[in-house]
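The structure under discussion appears below in the form of structure tokens.
The values are calculated or read from the model by the stated rules, or taken from the named source; none is laboratory data. Nothing here was measured: the structure is a model prediction, and the numbers come from that model. A quick note on method: Cβ atoms are made from the backbone with ideal geometry, for glycine too, and the neighbour counts reach across all protein chains shown. What goes into the accessible areas is simple: the full protein's heavy atoms, side chains included, and nothing from ligands, DNA or RNA. Shrake-Rupley method; radii C 1.70, N 1.55, O 1.52, S 1.80 Å.
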Amino acid sequence: MASGEEDGTVEEKETNNKKRTKGAIATAWLTFYNIAMTAGWLVLAVAMVRYYLQKGTHKGLYRNIARTLKFFQTFALLEVGHCAIGIVRTSVIVTGVQVCSRIFMVWFVTNSIRQNEESVILFVVVWTITEITRYSFYTFNLLNHLPYFIKWARYNMFIVMYPLGVIGELLTIHASLPYVRRSGMYSLRLPNKYNVSFDYYYFLIIVMLSYIPLFPQLYFHMLRQRRRVLHGEIVVEKDE
Amino acid sequence: MSRTIFFEVEILDSKTKEQLCFLDKVEPHSSVGDIKSLFHKSYPKWYPARQALRLDPKGKALRNDDLLQNLPVGTSATLYFRDLGPQLGWTMVFLAEYIGPLLIYLLFYFRVPYIYNHKYTLTSSSHHVVNLACACHSFHYIKRLFETIFVHRFSNGTMPLRATLRNCAYYWGFAAWLAYYINHPLYTPPSYGKTQVRYALIIFVLCEAGNFSVHWSLNSLKCEGAKCRRFPNPSKNPFTWLFFFVSCPNYTYEVGAWVGLSIMTQCVPVALFTFLGFIQMSIWAKGKHKTYTREFKDYPNFRMPILPFIL
């Protein structure tokens, strides 16, 4: 009987140890991931600044950085996995929607269409600033040494960056519409043996319309988080 | 002579915590349902189905058949109220969900004006399979309406109005989308011709018969609302023998019928509808299967939730 009880506690200790090891591995991986992504977007930022300083114009800048941008943006798919297996406590759906919209822009809009350069530069610059802030925030958080200015940046810059990014994305999709219509790309017409049709032109219009319900939801979610994080701080200061 | 101790019940709003209602002289053997009726008298627009009463603002809602004297409250109880929004009874919900697809498909079948090119308005398709698909689709929903009215016995549960509208949008929208292609002037009949249609029809008919048999058999279980004394078992009807292998053969047959319709029409939207329905029904089947295994200790291990041996 006594040995049975001992086995119980030994098992408990083993599962606790396993949990701690899993937690340590997860933290190590996440730290590496966030450092790598911060570095990647920094590289992008540097490349864009260098191009502009050397050429004096933004024409052709997107084509220059497109490959690096696609690489690091696609890598962000891993974040959906992190949420799915539970090592990051965010909703899979929210992360999924955000990552998918980025991937869609980068692979299906700018990749295939000759672009009006200004709106593309707008959203790429916004993305770069936002992502550098976000990933460095996560990195410092995981290392338990979060400088206040990073926290400030993460929870305040989005107020301006988010709408600017949306404007850039919407202008880009809108600019691509005439080209999509003319070329009939990614579209399937009737008749065909699958008895289905797909019009990429109308699909893009639906995507643009979907920003109307989705953007406010994400924006207010961030505003609420901001109030919770920064307001909590004010309360602590008062106690001191 | 023993004195009956009466309870006092105070009902507060979950969010604002203000007192909405105070009931004194409540019989101790009253149920939560009785309290909801009393509350309804003071607030006529909040009928009992709309009320969620909790012991703790963030806790679980109390059941209608919980008795006041069995709750951990003492003689003076505080309950927290939340409005669940307008509710619809299950019968109304299903009628709304099924009438839509039935009628919408027919609008496309008869090629009502403004859907297709105006030169095709009110014409009919030259393909036999299009007529057959209309007959099958309509039969499927008429059968469902019949079952909702005459066969199924629903608990007194309700569904929130918003959820019903969302479901209706999904079913009606998908019906419109798939009906558009099947009844389109440029529809392409199945690649393997009459053979494909014939076999698909057989699958469809067998699965519809199976689905009905299972619903009939579930109906004959003596259930009081959601609680049943026995779990469902195969009967003399061969269609119910699927109960040997799965917990929810009604879902299995439902997926089968839609697979039949997909093959018959060779239409991607129909296949997509089948696939999404299969995912949803698998989730429901898994839940039901878990409930059965938890409630009945002698539940057969052999059974899977929805697909024999697989899922």
Here is a check on your reading of the model: is residue A:184 at pLDDT below 90 and surrounded by 12 or more Cβ atoms within 10 Å (Cβ to Cβ)?
yes
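Tell me yes or no: at least one residue of the range A:8-17 is part of a helix (DSSP H, G or I) and under 18 Å from residue A:129 (Cβ atoms).
Of the range A:8-17, the ones part of a helix (DSSP H, G or I) are A:8-17.
Right, trim to under 18 Å from residue A:129 (Cβ atoms) and you get none.
No: zero hits.
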Top-ranked residue of the range A:96-137 - restricted to ones that are among the small types (Gly, Ala, Ser) and in a helix (DSSP H, G or I), ranked as modelled with the highest pLDDT:
A:136
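Among the residues of the range B:133-169, write down those that are of a type outside the set (S, T, N, Q), touching a residue at least 40 places away in the same chain (Cβ under 8 Å) and open to solvent by 50 Å² or more (accessible area, probe 1.4 Å).
Let us first name the residues in the range B:133-169 that are of a type outside the set (S, T, N, Q), namely B:133-137, B:139-147, B:149-154, B:157, B:159-163, B:165-166, B:168-169.
This time we only want the ones that are touching a residue at least 40 places away in the same chain (Cβ under 8 Å), so: B:133-134, B:136-137, B:139-145, B:147, B:149, B:151-154, B:157, B:159-162, B:168.
If the condition is that a residue be of a type outside the set (S, T, N, Q), touching a residue at least 40 places away in the same chain (Cβ under 8 Å) and open to solvent by 50 Å² or more (accessible area, probe 1.4 Å), then B:139, B:142, B:149, B:152, B:153, B:154, B:160, B:161, B:162 are the ones that fit.
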Scanning for something exposed (fewer than 11 other Cβ atoms within 10 Å of the Cβ), within 14 Å of another protein chain (Cβ to nearest Cβ), in a helix (DSSP H, G or I) and modelled with pLDDT of 90 or more, does the range A:193-210 turn up at least one residue?
yes
Return the total of residues in the range B:240-288 being more than 24 Å from residue B:198 (Cα to Cα) and either in a strand (DSSP E or B) or within 14 Å of chain A (Cβ to nearest Cβ) (or both).
1
What are the pairs with Cβ atoms under 6 angstrom where one residue, in the range B:274-292, is touching a residue at least 12 places away in the same chain (Cβ under 8 Å) and the other, located anywhere, is β-branched (Val, Ile, Thr)? Sequence gap at least six, or different chains.
B:274/B:259; B:278/B:255; B:282/B:306; B:285/B:306
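Please tell me if residue A:234 is more than 14 Å from chain B (Cβ to nearest Cβ), modelled with pLDDT of 90 or more and in a helix (DSSP H, G or I). Steps first, answer last, please.
Details: more than 14 Å from chain B (Cβ to nearest Cβ): yes; modelled with pLDDT of 90 or more: no; in a helix (DSSP H, G or I): yes.
No: the conditions fail for residue A:234.
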Considering only the range B:220-228, I want to know if a residue exists there that is on the phi > 0 side of the Ramachandran plot and not polar (S, T, N, Q).
yes
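Just name the residue that is modelled with the highest pLDDT out of those in the range B:150-199 that are assigned to a loop (DSSP other than H, G, I, E, B) and away from every other protein chain (no Cβ under 14 Å). Walk me through it before giving the result.
From the range B:150-199, those assigned to a loop (DSSP other than H, G, I, E, B) are B:152-157, B:183-192; that's our starting set.
Then keep just the ones that are away from every other protein chain (no Cβ under 14 Å); that gives B:152-157.
Details: B:152: 80, B:153: 73, B:154: 71, B:155: 67, B:156: 66, B:157: 76.
Looking at residues that are assigned to a loop (DSSP other than H, G, I, E, B) and away from every other protein chain (no Cβ under 14 Å), I get B:152.
Which residue is nearest to the other protein chains (Cβ to nearest Cβ), if the candidates are limited to the range A:181-192 and must be of a type in the set (Lys, Arg) and in a helix (DSSP H, G or I)? Reasoning before the result, please.
Applying the first criterion (of a type in the set (Lys, Arg)) to the range A:181-192 yields A:181-182, A:189.
Right, trim to in a helix (DSSP H, G or I) and you get A:181-182.
On the way: A:181: 20, A:182: 23 Å.
For the range A:181-192, the residue satisfying everything is A:181.
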Quick one: which residue in B:24, B:65 is open to solvent by 80 Å² or more (accessible area, probe 1.4 Å), part of a strand (DSSP E or B) and farther than 30 Å from residue B:143 by Cβ?
B:24
Pairing a residue in the range A:161-172 that is touching a residue at least 12 places away in the same chain (Cβ under 8 Å) and under 8 Å from residue A:122 (Cα atoms) with any residue that is open to solvent by less than 20 Å² (accessible area, probe 1.4 Å) and not aliphatic (A, V, I, L, M), where Cβ atoms lie under 7 Å and the two sit 6 or more apart in sequence or on different chains, gives A:165/A:123; A:165/A:127; A:168/A:119; A:168/A:123
